[in-house]
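Written out below as structure tokens is the structure these notes cover.
The values are calculated or read from the model by the stated rules, or taken from the named source; none is laboratory data. Owing to the predicted nature of the structure, the values given are computational and were not obtained by experimental measurement. Using ideal geometry, Cβ is built from the backbone for each residue, glycine included, and neighbour counts are taken over all protein chains shown. Ligands, DNA and RNA are excluded from the accessible area calculation, which covers all protein heavy atoms including side chains. Shrake-Rupley method; radii C 1.70, N 1.55, O 1.52, S 1.80 Å.
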Amino acid sequence: MKTTALLLATATLAALALATGGLAASEAMGRPAIEMKSNLAGKKVIATPRRIAIYYWDVEKKAGGKVRCTGACLRMWPAVYVAHRPDKHVAGVMATFGTIKRGKKLQLTVNGLPAYTYEGDTAGVVKCDGVDGWHAVRAG
């Protein structure tokens with residue numbers, strides 16, 4: 001496993017209210033849902049307000065954005081849920097945001113791929129970038 005420290009970058013994305021495995025929706029309502037962090041070899045990555053990196057999975061990329069992470073996968077890789085459809089583009093971020101319906105919830109998508117966090121990550125640390133087909137989402 002690769003461990004990489006994250007440092008708070010200047011830009012934030014304030015358009016969303018999300019609930020991930022460890023973040024209650026009510027707690028997220030007054031905060032930016034996604035923040036820009038850096039440093040994966042000097043590249044900015046997208047993270048939750050708790051500084052947990054957001055990931056995508058190669059398996060879902062190969063499946064054209066269709067959800068493949070369910071059951072045990074979903075417990076290890078909690079989906080990033082949002083209360084509302086986000087703005088498609090945010091200044092300073094080279095990504096396209098959207099949602100997919102997952103049960104009765106909206107899961108955030110980044111560049112057409114479902115977004116997740118890793119249950120083993122801690123604030124400011126990315127542990128699974130490039131591991132088993134999982135990648136931290138770069139902002140640029």
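Data table
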{"read-out": "Qualifying positions in the range 114-133 - outside any loop (DSSP other than H, G, I, E, B) and open to solvent by less than 10 Å² (accessible area, probe 1.4 Å)", "value": "114, 116, 126"}
{"read-out": "The range 64-86, residues that are touching a residue at least 24 places away in the same chain (Cβ under 8 Å), open to solvent by 90 Å² or more (accessible area, probe 1.4 Å) and farther than 21 Å from residue 128 by Cβ", "value": "84"}
{"read-out": "Test: residue 98 is in a strand (DSSP E or B) and open to solvent by less than 20 Å² (accessible area, probe 1.4 Å)", "value": "yes"}
{"read-out": "Yes/no for residue 45 being farther than 15 Å from residue 140 by Cα, at pLDDT 65 or above and buried (at least 21 other Cβ atoms within 10 Å of the Cβ)", "value": "no"}
